[in-house]
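The structure appears right after this line, and notes come after that.
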Amino acid sequence: MSQVLQQLREERSNMGRRPRLMERFADFLPLTEATPPLGLGEGFTPLVRARNLGLALGVERLYLKVEGQNPTGSFKDRGMVVAVAKAIEEGARAVICASTGNTSSSAACYAASAGIEAVIVLPKGKIAAGKMLQGQAAGARVVAVDGNCDDALRIVRELTAERDPDSPVALVNSVNPYRLEGQKTAAFEICEDLGAPPDYLAIPVGNAGNISAYWMGFKEYRDAGLVSSTPKMIGFQALGASPLVQGHDFDEPQTIATAIRIGRPASGHLALAARDESGGLIDAVTDEEILAAYRDVARTEGIFCEPASAASVAGVRKAVADGRVDPEATIVAVLTGLGLKDPDTAMGLADPNLEAEPTVEAVRAVLGW
Ligand code: F0G
């Protein structure tokens, strides 16, 4: 066999052998022999150099961490795979969570793959259509409550605190430490892809688990001697749901970015610590700024993220314009979820289609060609 053919064969036989996330970063995760090897292909998401968007924002080196490419379309999968695996290891036969939609989709899908039940408690009428369908499709039992996600979280915390130990249910919101353990792997990937940590890590903030997980990841990579510095963590909330910026809880958080419509961030204290330890900032961006960034990311880079995800880019734009972030620095903005999950927001902003009779001439005419 020719050398080339042999090489191709070897490459092909290695295909599909990409390690699972938990395998790849096992040294940094609390796994044991008894942890089931769950995985739907989470992690290893692209870090895209965003030259066009960078130009529009006046930033020289902007990268986007495209977390919408995880199996259920959001970063939650990194933490959920660990949380569900550990739940099973510890004897759980069901998982429960409150959610604005992505945590619940992820919990439902990982529970389905592991053959256990998922119960999800959601704020009624405030979940993007794709997220609602994803949880339902995976067979989760869905309880819609007439309140917000903070109410839903209070309910599931109380439910799991009271639960009979003979029928164990694991709470898989980001107050579950295994969630943050899994989510920190995105920081490792960024360091590996860039060969060093960025100067700034820009990220949307809701319940504040993810910013805390990234900060933990960057510190652990530095402490392991794999890199020599850590980035400044710059987090962004939607103005109508910005308790960490205003310094008080919001009873009625409001934003078009429903994923981050959170008034009482469960990990708020960790996010403030990440901000202060890293020398970063947490600021608010308006819905208009979020939607402008949402459109710009898709139109300049071809990456369709969900509105909440665009808060990171809106935040970079604002912080650079304010002079609080150095435009010559290396900046990574995390795009946390996939735009297809929220078709209603997208349809509300889309230009109307051109219409034509089914002839070449008619199509040419409407195009002005
Ligand atoms: N981006 C997206 C797309 C999200 O779904 C979330 C949180 C965040 C950002 C913020 O992350 O909460 O760790 O600060 N979604 C949660 C959920 C609240 O229930 O899916 P965070």
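In plain terms, the chain from ALA26 to LYS126 could stretch by 32.3 nm, reckoned as 0.36 nm per residue minus the Cα-Cα distance.
Using +1 on the beta carbon of Lys and Arg, -1 on that of Asp and Glu, and nothing else charged, what's the dipole of the chain about the Cα centre, debye to 20?
520 debye
Close amide H pairs (under 5 Å, H built 1.01 Å from N) link LYS232 with TYR200, LEU201, residues at least 5 positions away or on another chain.
Peptides 85-91, 156-162 ranked from most to least packed, by the mean per-residue count of other Cβ atoms within 10 Å: 85-91, 156-162. Taking R0 as 51 Å, what's the FRET efficiency between GLU355 and LEU159 from their Cβ-Cβ distance, rounded to 0.05? Given R0 = 51 Å and the Cβ-Cβ separation, E is 0.50.
Pairs of alpha-carbon atoms within less than 8 angstrom and 6+ residues apart define the contacts here; what relative contact order does the chain have, in percent?
18 percent
Considering helices alone, the calculated mean residue ellipticity of the chain at 222 nm is -13500 deg cm²/dmol, with DSSP H runs of length four and up weighted by -39500 (n - 2.57) and normalised per residue. Pairwise Cα distances in the chain exceed 35 Å in 25 percent of cases. With neighbour counts taken as other beta-carbon atoms within 10 Å, the residues GLU277, GLU67, GLU189 rank, fewest first, as GLU277, GLU189, GLU67. In the chain, the DSSP beta bridges split such that about 15 percent are antiparallel, to the nearest 5. Using C-alpha pairs below 8 Å separated by at least 6 residues, the relative contact order for region 71-171 is 30 percent. Once R0 is set to 25 Å, what does the formula 1/(1 + (r/R0)^6) return for the Cβ-Cβ distance between VAL142 and GLU252, expressed as a FRET efficiency to the nearest 0.05? Rounded to the nearest 0.05, the efficiency is 0.65.
Taking 0.36 nm per intervening residue step and subtracting the Cα-Cα distance, what contour gain separates LYS219 from THR286 on full extension?
21.1 nm
Remark: spin-label model distance ARG324-ALA362 equals 5.4 nm, labels positioned 7 Å along the Cα→Cβ axis. Computed packing ranks the peptides 297-303, 223-229 as 297-303, 223-229, most packed first, by mean other Cβ atoms within 10 Å. Ranked for footprinting exposure by Cβ neighbours inside 10 Å, fewest first, MET22, MET347, MET233, MET216 give MET347, MET216, MET22, MET233. Summing charges over all other residues whose Cβ lies under 15 Å from the Cβ of LEU226, with Lys and Arg as +1 and Asp and Glu as -1, gives -2. For the listed residue pairs LYS232/LYS341; LYS65/LYS232; LYS86/LYS131; LYS232/LYS318; LYS184/LYS232, the alpha carbons are over 18 angstrom apart in LYS232/LYS341; LYS86/LYS131.
Of all aspartates and glutamates in the structure, those lying under 12 Å Cα to Cα from LYS124, and not within fewer than 8 positions of it along the same chain, are ASP146, ASP151.
Each value in this text was obtained by applying a stated rule to the coordinates, not by laboratory testing. Small disclaimer: the values here were computed from a predicted structure and weren't measured. Cβ atoms come from the backbone with ideal geometry, glycine included; neighbour counts cover every protein chain shown.
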